[in-house]
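Everything below concerns the one structure shown next.
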Amino acid sequence: MQIDLGAASSSLSEAISVAGRGLVERESLVEMIALAAVAREHVLVIGPPGTGKSEAVRRIAVATGALYFEYLLGRFTEPSEIFGPVDIRKLKEGLVETETSGMLPEAEVAFLDEVFLGSTAILNTLLSILNERMFRRGHTRMKCGLRVCVGASNTLPEDDSLAAFADRFLVRVFVDPIADPMLERLLDGGWTLDLNPVTARSSIEQIDALAAAAVEADMSEVRPLIAQAVRTLRSIGIVFSDRRAVKVQRLVAAAAVLAGRTRPGEPDLWPLIFAVPTRDQQSSARDALRDLLDRSNNASLPAAAEEASLGRIARANRIAAAGRVVLADRPLEGGPEQLRAWRLKLEGVAREIDAGFTVEQSPADLTEVRARIVEALREQTAPVQSRD
Amino acid sequence: MKIDVGWRPRPAPLSPVGVAATGVAAIELGLRLCDLDPESLTRLKGAATHGLLILLGEEERLPWADGVVYLGRDRNAPSLLLPTTLVPDVPIELFERALMARVDRPPLAVLISPPIIAPVGMARRVTRDYLMRWIETEVGARVTATSTSEDPASEATESLRNQPREG
């Protein structure tokens, strides 16, 4: 069945949106997991416990209708807990095969918490799944349908052998506990998470269609820009391996497809930042590539594009999209408290616009959203002056 | 020696730590503050004088009104609160030093239009009573004034005094 790419992209965009609802400052992580799934790459999330990592993965898995597997690894975790038990019936026949039903080899999205605590046996088997989508254990040889594996850890490993394993996770996302000013939003969002369960808005088939389109993308325009960016990163001492340089093209191509472009260009370079291995290096990379990434733009992945590039256009798109959502969310019923809360949200968007853009810098979309916000606020208060 | 300072857009905006307003926008901002609940008011500090209102607080707590200017700190000029979207076209460290040589009471809020440098180190907790009195004074002044030759508050500010709330 032919899948319409525009519809697939819209569906995945909707899935990302509902998956991120109720999460605070995890929108970027949700978007990068979706991007990695389309790019057929894996994500490593670094951050302390209790920072919403597993919730973000779980929600995007549900929103995309994916078969999901999640496990918290420990030093004594047995391979059978991840890959499945040995099939006793086959064992009686002298074959060591694994019963994989419901386990990682059959998952389409997987989350492995404390991934570096896994034993050598687990990590070696995982390596094959991550690299080749092949599960090999004993006599079992099985192709895996894994679209994206998300590994999590408190810190990056220092051990060389673990660092080599970590390098299989192309995308690196670093998360922190929510800052104090955002605590009310966190409490509100966390409270309503169960009240607004995620439902599937996209499908694995649609992700696969987007992935196939990404492979076919015309990289001729963007390839020299990627090379330029990698040279720049290496010149400032950022270790960007040949493998990463080659694989990052998949992220760029996937970003372009999700933005509705068959020919990736300058607006699609921003995923490069997420392929830089460490947090400090990602920060240096943003500074070094600021001019190259200034035109970054992705309507399906606005938070990630903005976080990666700190670009004006990406920021404007994200704020404009947020403003439209709030404007559309005007309470039709309910009393003054609901209206007051809505007003505060509108003012929050207006504050972000005015604090982030001069009148001359503000793109047309954003200016239009601002005008609508001012009009909506004016309806509730005394007339206000025009900004110009 | 006098050097003209121009301003250009910042590549990336500063995070807001304050908001300032002059003229009608200042009155609008003050009225908006009066709508806030008492707990939200306690999270803000303020300084005001004729035609000028400046508030300091966490970004999420800063109110909005049309025409306000958000202020942030550049790490290379920590004594200044600058418009979040603009940067001076002279080395900012020298800009800070020049301003501090004239008004050595950091931090200094710097507004461009109208040009104002206001020390806000004495900013105090915002109270509704003082806000109302300030608004009444401002509205009254605007109604009766035909023109003014004074720069609203080029150097001096008056802190919002911590008056006990009635009732």
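The values are calculated or read from the model by the stated rules, or taken from the named source; none is laboratory data. Note that the structure is a prediction, hence the values are computed from the model and not measured. With ideal geometry, Cβ positions are generated from the backbone for all residues, glycine too; neighbour counts draw on all protein chains shown.
Quick notes on this structure:
- Taken together, the criteria place A:R185 among residues that are assigned to a helix (DSSP H, G or I) and among the basic types (K, R).
- Candidates A:L112, A:L146: the one that is assigned to a loop (DSSP other than H, G, I, E, B), at pLDDT 95 or above and either out of contact with any strand residue (DSSP E or B) (no Cβ under 8 Å at 6 or more places or on another chain) or buried (at least 19 other Cβ atoms within 10 Å of the Cβ) (or both) is A:L146.
- If only residues of region B:17-53 that are of a type in the set (K, R) and within 12 Å of chain A (Cβ to nearest Cβ) are counted, the one that is nearest to B:V69 (Cα to Cα) is B:R32.
- Which numbered condition A:Q338 fails, given (1) assigned to a helix (DSSP H, G or I); (2) touching a residue at least 12 places away in the same chain (Cβ under 8 Å); (3) more than 11 Å from chain B (Cβ to nearest Cβ): (2)
- None of A:L187, A:L162 is modelled with pLDDT of 80 or more, within 14 Å of another protein chain (Cβ to nearest Cβ), surrounded by 11 or more Cβ atoms within 10 Å (Cβ to Cβ) and more than 18 Å from A:M32 (Cβ to Cβ) except A:L187.
- If you go through region A:45-88 and keep only what is in a loop (DSSP other than H, G, I, E, B), acidic (D, E) and surrounded by fewer than 18 Cβ atoms within 10 Å (Cβ to Cβ), you end up with just A:E78.
- Taking the criterion of being part of a helix (DSSP H, G or I), closer than 11 Å to A:V38 by Cβ and of a type in the set (G, A, S), the residues of region A:196-235 that qualify are A:A209, A:A211, A:A212, A:A213, A:A214.
- Pairs, first over 12 Å from A:L377 (Cβ atoms) and facing chain A (nearest Cβ under 7 Å) in region B:62-73, second assigned to a loop (DSSP other than H, G, I, E, B) and of a type outside the set (A, V, I, L, M, F, W, C), C-beta under 7 Å, six or more apart: B:G67/A:Q385; B:G67/A:R387; B:Y70/B:T84
- Filter result for B:L14 (at the interface with chain A (Cβ under 9 Å from one of its Cβ atoms) and either under 12 Å from the mean Cα position of the chain (by Cα) or over 14 Å from B:L111 (Cα atoms) (or both)): yes
- Scanning region A:341-361 for residues that are more than 9 Å from chain B (Cβ to nearest Cβ) and surrounded by fewer than 12 Cβ atoms within 10 Å (Cβ to Cβ) yields a single hit, A:V359.
- Qualifying residue in region A:226-237 (condition: surrounded by fewer than 15 Cβ atoms within 10 Å (Cβ to Cβ), of a type in the set (D, E, K, R) and under 22 Å from the mean Cα position of the chain (by Cα)): no
- Residues satisfying the stated conditions in region B:58-94, i.e. in a loop (DSSP other than H, G, I, E, B) and over 17 Å from A:A350 (Cα atoms): B:R75, B:N76, B:D89, B:V90, B:P91
- A search for C-beta distances below 8 Å between a residue of region A:293-311 that is among the basic types (K, R) and any residue that is assigned to a helix (DSSP H, G or I) and modelled with pLDDT of 90 or more, counting only pairs 6+ apart in sequence or on different chains, returns A:R295/A:E266; A:R295/A:P267.
- Considering region A:169-184, and only residues there that are within 14 Å of another protein chain (Cβ to nearest Cβ) and surrounded by 15 or more Cβ atoms within 10 Å (Cβ to Cβ), the residue that is modelled with the lowest pLDDT turns out to be A:M182.
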